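The values are calculated or read from the model by the stated rules, or taken from the named source; none is laboratory data. These numbers come from a predicted model, not from an experiment. For the accessible areas, the whole protein counts, side chains as well, though only heavy atoms, and no ligand, DNA or RNA atoms are used. Shrake-Rupley method; radii C 1.70, N 1.55, O 1.52, S 1.80 Å.
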Amino acid sequence: MTQSEFDRQAEITRLLLEGVSSTHAHHLRCLNDFVEAQTTYYAQCYQYTVDLQKQLGSFPSSFSNNNQSSMTAGASSISVPTIPVSASLPDPRNCAAAGGFHELRGSSGSRKARVLYDYDAASSSELSLLADEVITVSSVPDMDTDWLMGERGSQKGKVPITYLELLN
């Protein structure tokens, strides 16, 4: 009897650890997406700084810090070039980490989504999810931005976006 209880507890522990493993893999994917976005952002910042440095270097030497009187006298005639930073920066709504959820929020359509890991509904308005299943999700006006409406067959309910990966 003790052996059967031990085997039952070992199986429960194994199942729980498998859930931790899939959650860990999801978090690593999200962290990788974040690091890639940060790398792109800082590479663009570096490029803008280099471009600004080149533009500032193209001004006549009479505008150097050594000649304060000519700098203040001619300051009103200087036109400082502007760099259109926002024109090339990535739109946060299109980042990989957002996964297209902002696009879905802006439309009245629906999309397929893969469930990343199990979710037990906390109320009757929510939909329980099983890892790796594919459901249909849509945005509902005035719903919390962390939730979407999920549909599996005839079942319908709120689902947390952090448990989903939108499919093309």
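Close amide-amide hydrogen proximity is noted between residue 128 and 121, each under 5 Å apart and 5 or more residues distant or on a separate chain (H modeled in the peptide plane; Pro and chain starts excluded).
Within the assembled protein chains, the solvent-accessible surface assigned to residue 154 is about 120 Å², based on a 1.4 Å probe.
The phi torsions of the stretch 30-36, fed into the Karplus equation with coefficients 6.51, -1.76 and 1.60 and a -60° offset, translate into couplings of 5, 5, 4, 4, 5, 5, 5 Hz, rounded to whole numbers, with Gly and Pro shown as x.
Our estimate of slack between residue 154 and residue 132, defined as 0.36 nm per intervening residue step minus the Cα-Cα distance, is 6.0 nm. Here residue 112 is the anchor, and the lysines within straight C-alpha reach of less than 27 Å, apart from those fewer than 8 places off in the same chain, are 156, 158. Less than 5 angstrom separates the built amide H of residue 118 from those of 131, all sequence-distant by 5 or more or on a different chain.
Annotation: extensible slack from residue 36 through residue 4 equals 6.7 nm (criterion: 0.36 nm per residue apart, minus Cα-Cα distance). With all protein chains in place and ligands, DNA and RNA left out, the 1.4 Å accessible area ranks 146, 51, 120 as 120, 146, 51, largest first.
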